[in-house]
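Shown next, in structure tokens, is the structure this report addresses.
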Amino acid sequence: MVHEELLARHRAVLPSWLALYYEQPIEIVRGEGRRVTDGEGRTYLDLFAGILTNAIGYDIAEIREAVRAQLDSGVVHTSTLYLIRQQVELAEKIARLSGIPDAKVFFTNSGTEANETALMLATQHRRSNQVLALRNSYHGRGFGTIAITGNRGWSASSLSPVNVSYVHGGNRNRGPFKDFSDAEYIRACVADLREVLATATSGDVACLIAEPIQGVGGFTTPPDGLLGAFKEVLDEFGILLISDEVQTGWGRTGEHFWGIQAHGVVPDMMTFAKGLGNGLAIGGLVARGDLMDCLTANSISTFGGNPVSTAAANATLDYLLDHDLQANAFKVGNQLMDGLRRIAEEEPVIGDVRGKGLMIGVELVEPGTDEPSSRAAARMMEHTRERGLLIGKGGQGGNVLRLAPPMTLTEAEAEEALGILADSIAATSAELA
Ligand code: PLP
């Protein structure tokens, strides 16, 4: 089969650590709306949107036209040493949407580069390489970002250009504060932050970086207000707050445009990527002007903010706003969440349903226990695939299903997905029994 041959060729020339979903990985060759088709002609409803990359779905006319117009101009010359109208327009929109005073934007090609740049600016600005990160975090696979990743499954190296200390506030379900109320949890995390600052740092820390909802960590969702409470402490020490919005940006969480807004605070910097180009590579950083301008040396990203990616991003952002997809994420997200909670009442293999908007985590456990069940998650991936549904997986124990569809998902499609998820959970439970 063509597919088998492609997989063998992949294994021969691509790294063994390059993660692939499914025992028999899928080659996606076409997409339309919220559905994708594989090389063997099978169609799937995509509840993972690539990896949250296809924010508004597949084969969107507005995106195709914007990218085509840019390609048709003959200027696929991407050096950012020249003025690029699309880049300026996109920066204006993001600066305005950020809520950060006097904001400036720097474009990269990925979330990793965005976070590397944020770390570079924060450490330069504060003249300190001490960084705080949340336990169970993931911020990318660059030398600095992997060093601050608090997740053993993804941490590649202990050699670090950054001096990192971890604080609580990541996966509440699996920590010592498991049974705390929201208010108690926030108090305990703030006390831990103070304790870490006093005992594990010299106090002149550059920044704290946090995902408002942890992505790779399993869509762990802290109580609203936690990062705002952190910011009060950080301000006492002049420590910068960086919100990693790579997964939580663009209205996906339903209630807000940026995940951090649930915490009632404006961060010093936000990083973004994933959905902005609706599949094309673009990321970046938005920060207060004085922070952005603190570098004295020249710097450039050759491809960051290139005309083709920024054309796609402008069209994506306009589409998101014009169609109020944040409101759709809220409505359809709640529908999915309610449906999943109903399924969970019948199925002890589901330990937790959490998240916001169209960013929903379903934690699987060995039935009757609190033990993470990676085998249940692995079976769920296969069962949903067989039934024509793509979902994501994550979490420290590889036991959390992640649902993050294109934000255009309809109520009928959400219902269809819930039917497949219910059948797949029943099949998985039967196998585990
Ligand atoms: N930050 C977060 C929260 C992410 O989830 C990811 C990727 O999954 C990254 C950063 C890294 O982004 P990229 O894979 O585009 O380098």
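The values are calculated or read from the model by the stated rules, or taken from the named source; none is laboratory data. Everything quoted here is computed from the prediction, not taken from an experiment. Neighbour counts run over all protein chains shown; Cβ positions are idealised from the backbone, glycine included.
At-a-glance table
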item	result
Residue list for the stretch 148-164, restricted to those being surrounded by fewer than 18 Cβ atoms within 10 Å (Cβ to Cβ) and among the small types (Gly, Ala, Ser)	153, 155, 156, 157, 158, 160
Residues that are in a loop (DSSP other than H, G, I, E, B) and within 17 Å of residue 393 (Cβ to Cβ), drawn from the stretch 22-77	22, 23, 24, 25, 26, 47, 48, 53
Residue match in the stretch 319-334 (condition: in contact (Cβ under 8 Å) with a residue 24 or more places away in the chain, basic (Lys, Arg) and surrounded by fewer than 21 Cβ atoms within 10 Å (Cβ to Cβ))	yes
Verdict on residue 105 being of a type in the set (A, V, I, L, M, F, W, C) and surrounded by fewer than 16 Cβ atoms within 10 Å (Cβ to Cβ)	no
Residue identified as over 22 Å from the mean Cα position of the chain (by Cα), within 16 Å of the ligand (Cβ to nearest atom) and crowded, with 19+ Cβ neighbours inside 10 Å among 278, 306	306
Any hit, the stretch 200-209, residues being touching a Cys at 6+ places or on another chain (Cβ under 8 Å) and either of a type outside the set (D, E, K, R) or within 14 Å of the ligand (Cβ to nearest atom) (or both)	no
Candidate set: the stretch 110-147, residues that are aliphatic (A, V, I, L, M) and farther than 19 Å from residue 284 by Cβ; chosen: the one surrounded by the most Cβ atoms within 10 Å (Cβ to Cβ)	134
Selection count, the stretch 117-150, where residues are out of contact with any strand residue (DSSP E or B) (no Cβ under 8 Å at 6 or more places or on another chain) and either on the phi > 0 side of the Ramachandran plot or touching a residue at least 12 places away in the same chain (Cβ under 8 Å) (or both)	10
Answer from 354, 342, 375 - the residue that is surrounded by 18 or more Cβ atoms within 10 Å (Cβ to Cβ) and of a type in the set (Lys, Arg)	354
Residue check for residue 363: crowded, with 18+ Cβ neighbours inside 10 Å and acidic (Asp, Glu)	yes
Set 398, 368: member being in contact with a Pro (Cβ under 7 Å, 6 or more places away or on another chain), surrounded by fewer than 22 Cβ atoms within 10 Å (Cβ to Cβ) and not in a helix (DSSP H, G or I)	368
Answer residue from the stretch 53-72, given it is of a type outside the set (D, E, K, R) and more than 18 Å from residue 410 (Cβ to Cβ) and is farthest from the ligand (Cβ to nearest atom) among those	69
Count - residues of the stretch 23-48 that are of a type in the set (A, V, I, L, M, F, W, C) and either farther than 15 Å from residue 413 by Cα or modelled with pLDDT under 95 (or both)	3
Residue selected from the stretch 255-265 under the condition assigned to a loop (DSSP other than H, G, I, E, B) and touching a Leu at 6+ places or on another chain (Cβ under 7 Å), by the criterion farthest from the ligand (Cβ to nearest atom)	265
Hits in the stretch 86-117 (condition: within 16 Å of the ligand (Cβ to nearest atom), of a type in the set (A, V, I, L, M, F, W, C) and more than 15 Å from residue 289 (Cβ to Cβ))	107, 114
Test: residue in the stretch 412-430 that is part of a loop (DSSP other than H, G, I, E, B) and buried (at least 18 other Cβ atoms within 10 Å of the Cβ)	no
Condition met for residue 333 (touching a Ser or Thr at 6+ places or on another chain (Cβ under 7 Å) and not hydrophobic (A, V, I, L, M, F, W, C))	no
Test: residue 285 is touching a residue at least 40 places away in the same chain (Cβ under 8 Å) and in contact with a helix residue (DSSP H, G or I) (Cβ under 7 Å, 6 or more places away or on another chain)	yes
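This table checks each residue for (1) surrounded by 18 or more Cβ atoms within 10 Å (Cβ to Cβ); (2) closer than 22 Å to residue 95 by Cβ; (3) more than 12 Å from the ligand (Cβ to nearest atom); (4) modelled with pLDDT of 95 or more.
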position	(1), (2), (3), (4)
222	yes, no, yes, yes
242	yes, yes, no, yes
291	yes, yes, yes, yes
295	no, yes, yes, no
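Rundown of residues vs (1) touching a Lys or Arg at 6+ places or on another chain (Cβ under 9 Å); (2) within 16 Å of the ligand (Cβ to nearest atom); (3) modelled with pLDDT under 95; (4) over 17 Å from residue 271 (Cα atoms), yes/no style:
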| residue | (1), (2), (3), (4) |
| --- | --- |
| 158 | no, no, yes, yes |
| 182 | no, no, no, yes |
| 195 | no, no, no, yes |
| 218 | yes, yes, no, yes |
| 228 | no, no, no, yes |
